[in-house]
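Participant: I'd like to ask you about the structure that follows.
Coordinate-derived values only; no laboratory data. These numbers come from a predicted model, not from an experiment. Methodologically, a virtual Cβ is constructed for each residue, glycine included, from the backbone with ideal geometry; neighbour enumeration extends over all protein chains shown.
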Amino acid sequence: MTEGKPVVFIIDDDASVREGLVDLFQSIGMAALSFGSTREFLDSSRPDSPGCIVLDVRLPGQSGLEFQRQLAQADILLPIIFISGHGDIPMSVQAIKSGAIEFLTKPLHEQQLLDAVQAGLERDRSRRLEARTVAELRSRYESLTPREREVFALVITGRPNKQIAASLELSEMTVKVHRSQLTRKMRAKSVIELARMADKLAIPPGGA
């Protein structure tokens, strides 16, 4: 599946700032969408592509920091670059601790902003790739039978087939068959690879 073109979302109540940033990003071939408020952003139809948000920390009504928390609660995980003409150290520390990429003060240095945006887009690409990987693994895991899942949980502990058979009150040959089937369905080449898959899926060794 190919990804859409990366998008920078600009949220600032100053129209001149929005226009200037859109021009800057478009001048180097980036797609940019601007919004005068956080509500405009939330009400918009956003493309399914890597992105990041350039967010003014001081907005009418809800602040940028409050909006950052709202996005996290809504599971909107776009990386944020804060911009402000009135930033202070405690505010910037809070923003970074809450996961922001950068906290930049106006007037903005273009290269510093572009570097932060590139870092944000790269973080979002990685997040999206990881989410697709986990979704694919989840699909494979759901194709396993209940018994194969039981064997899976014991295989990743490193136990030999004989011990797994005793735990599940099965014959060793039956365990071998289940083990072969689940390994094929999960498309794993080793027990180590199965263990890594289980870790991504949050499947505890030995079963819950």
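Participant: Calculate the FRET efficiency for residue 181 and residue 201 from the Cβ-Cβ distance with a Förster distance of 25 Å, rounded to the nearest 0.05.
Facilitator: 0.90
Participant: Right, next: Report, to the nearest 10°, how far helix 191-200 tilts away from the longest principal axis of the Cα atoms in the chain, using its own Cα long axis and a range of 0 to 90°.
Facilitator: That helix lies at roughly 40 degrees to the long axis.
Participant: Picking from 16, 161, 192, whose Cα lies most toward the positive end of the charge dipole for the chain (charges on Cβ: Lys, Arg +1; Asp, Glu -1)?
Facilitator: It is 161, whose Cα lies furthest towards the positive end.
Participant: Separate question: So, by mean Cβ neighbours within 10 angstrom, what's the order for 9-18, 41-50 with the highest one leading?
Facilitator: So the order, starting with the most tightly packed, is 9-18, 41-50.
Participant: Based on the Cβ-Cβ distance of residue 139 and residue 163, what FRET efficiency does E = 1/(1 + (r/R0)^6) give at R0 = 22 Å, to the nearest 0.05?
Facilitator: Once the sixth-power term is evaluated, E becomes 0.15.
Participant: I need the Kirkwood Rh of the chain: take the reciprocal of the average 1/r across all distinct C-alpha pairs and report it in angstrom.
Facilitator: Value: 20.0 Å, from the Cα pair sum.
Participant: At 0.36 nm per residue, and after removing the present C-alpha to C-alpha distance, how many nm does the segment from residue 5 to residue 39 gain when stretched out fully? Could the numbers behind the result be given before it?
Facilitator: Values: separation 34, 0.36 × 34 = 12.24 nm, distance 2.37 nm.
Gain in length upon complete extension: 9.9 nm.
Participant: Same structure again: Helix 110-142 versus the longest principal axis of the chain: what is the Cα-based angle in degrees, 0 to 90, to the nearest 10?
Facilitator: Taking Cα atoms only, the helix is inclined about 30 degrees.
Participant: Using only alpha carbon pairs under 8 Å that are at least six residues apart, calculate the relative contact order of the chain and give it in whole percent.
Facilitator: Relative contact order, the chain: 15 percent.
Participant: Per the helix-only calculation at 222 nm, which mean residue ellipticity applies to the chain, given -39500 (n - 2.57) for every DSSP H run of n ≥ 4 and division by its residues, nearest 500 deg cm²/dmol?
Facilitator: Calculated mean residue ellipticity at 222 nm is -17500 deg cm²/dmol.
Participant: Quick check on the exposure proxy: order 156, 53, 76 from fewest to most C-beta atoms within 10 angstrom.
Facilitator: 76, 156, 53
Participant: Compute the longest continuous run of the chain that contains no exposed GluC sites (Glu not before Pro); treat a site as exposed when its DSSP state is not H, G, I, E or B and it has at most 14 other Cβ atoms within 10 Å.
Facilitator: Excluding the exposed sites themselves, the longest stretch runs over 4-168.
Participant: Let me ask something else about it. Explain nothing, just the number: dipole magnitude of the stretch 7-133 about its Cα centre with +1 on each Lys and Arg Cβ and -1 on each Asp and Glu Cβ, in debye rounded to the nearest 20. Walk me through the numbers before you get to the answer.
Facilitator: On the way: 12 positive and 18 negative charges, 81 e Å.
In debye, rounded to 20, the stretch 7-133 gives about 380.
Participant: Taking 7 Å along the Cα-to-C-beta vector as the label spot, tell me the residue 192-residue 13 distance in nanometres, rounded to one decimal.
Facilitator: 5.6
Participant: State the extension gain, in nm to one decimal, for the chain segment bounded by residue 171 and residue 111, taking 0.36 nm per residue of separation less the distance between their alpha-carbons.
Facilitator: 15.1 nm
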